[in-house]
1. Once you put a point 7 Å from the Cα of Gln39 and another 7 Å from the Cα of Asp12, both along the Cβ direction, what distance in nm separates them?
2. What's the FRET efficiency of Glu101 with Glu171 using the Cβ-Cβ distance as r and R₀ = 30 Å, to the nearest 0.05?
3. Run the reach check for Lys229 against aspartates and glutamates, Cα to Cα strictly under 20 Å, same-chain hits fewer than 8 apart removed. What comes back?
4. Just to be sure I understand the model, the point goes 7 Å from the Cα along the line to the Cβ. What's the resulting Lys84 to Asn28 distance in nm?
5. For the stretch 1-203, compute Rg over Rh where Rg is the Cα radius of gyration and Rh is the Kirkwood radius from the inverse mean 1/r over Cα pairs.
6. Can you give me the C-alpha center-to-center distance between the stretch 80-132 and the stretch 139-182, rounded to a whole angstrom?
7. Give the residue from Ser161, Phe116, Ser182 lying farthest towards the positive end of the charge dipole for the stretch 1-203; charges sit on Cβ (+1 for Lys and Arg, -1 for Asp and Glu) and the dipole is referred to the Cα centre.
8. Compute, for the stretch 10-110, the length of the dipole vector about the Cα centre, with Cβ point charges of +1 (Lys, Arg) and -1 (Asp, Glu) only. Units Debye, rounded to 20.
Amino acid sequence: MKRVKLHNIKEDTLTSCNAKVDGSQYLNSGWNLSEEFPQEYREKIFECVEEEKHKQALNLINKEDTKDKEELAKKIKEIKEKAKVLRQKFMAFEMKEHSKEFPNKKQLQTMLENAFDNGAESFIDDWHERFGGISRENTYKALGIKEYSDEGKILAFGERSYIRQYKKDFEESTYDTRQTLSAMANMSGENDYKITWLKPKYQLHSSNNIKPLMSNTELLNMIELTNIKKEYVMGCNMEIDGSKYSIHKDWGFFGKAKVPETWKNKIWECIKNKVKSYDNTTAGIAIVWKKNTYSISHH
């Protein structure tokens with residue numbers, strides 16, 4: 001996790017993919033954490049992340065669908081139960097109210113049932129206007145319901161019509177959520193989530209097979225650094241074989257510390273490569289060799 005920066009990806013998703021991708025196929029036996037991860041390995045990890053993100057989105061869609069279906073089924077059941085109770089109240093109330101106008105009880109019952117099934121609101125208004133029956137407002141009060149409650153809508157539109165309308169409204173209210181989840185399941189990972197692979201931190205190490213020209217302390221005492229980490233200098237000193245440079249030929253005589261030009265150039269090239277690899281830029285870096293060491297600046 002220290003080598004990556006995640007955008008819209010959970011850490012456990014990357015951890016899972018790291019366990020699934022066989023690193024031995026992409027990381028050779030000599031590879032270590034001080035090196036960058038191979039491109040092919042990065043691509044395999046990202047492919048795995050895309051698959052995991054797709055599965056997660058599909059699972060979320062299924063979860064939301066199940067939740068919505070359960071919620072809708074529960075509401076419809078509730079509406080039907082309310083309609084059943086309301087029907088009984090409505091029939092009892094209206095049969096009593098209109099028994100004088102319609103002495104034929106069976107005919108009145110059939111008429112009231114049809115009115116309830118298709119929405120009794122217009123029936124109540126019509127009856128009130130034609131025969132001076134109880135008003136809609138007073139009917140609602142008598143039945144103990146509010147106009148904009150489930151019972152009020154059942155009475156206004158009828159049970160079946162109200163359920164159809166409720167389903168339609170419910171689907172429209174959840175449309176945006178479904179669209180968002182669907183987009184998540186099919187989105188392009190490059191645009192919506194990504195892995196930024198961070199440059200490895202430089203780790204100083206030495207080789208038993210290489211003998212440096214001088215100790216790290218001696219070298220650091222000879223130079224002044226600008227925008228260069230001491231670790232890079234010490235690393236390069238230990239990586240360049242100093243045995244190739246003869247004291248008698250290149251260092252001068254009488255104990256004078258004249259640094260071999262070819263060795264300095266190798267040190268400089270090595271340092272530039274490390275700065276570029278680990279710091280991403282070589283702008284503004286410099287080494288100045290102090291006096292009595294054949295002073296030269298590299299820019």
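None of the figures in this text is laboratory data; all of them are computed from the coordinates on show. For clarity, every value in this text was computed on a predicted model and none was experimentally measured. For neighbour counting, all protein chains shown are included, and Cβ atoms are generated from backbone atoms with ideal geometry for every residue, glycine included.
1. Here the answer is 3.5 nm between the modelled labels.
2. Values: r = 43 Å, r/R0 = 1.42.
Computed FRET efficiency for Glu101 and Glu171 comes out at 0.10.
3. Glu35, Glu36, Glu218, Glu239, Glu269, Asp279
4. 7.6
5. 1.41
6. Each part reduced to its Cα centre gives a spacing of 22 Å.
7. Of the options given, the answer is Phe116.
8. That gives the stretch 10-110 a dipole magnitude of about 1780 debye.
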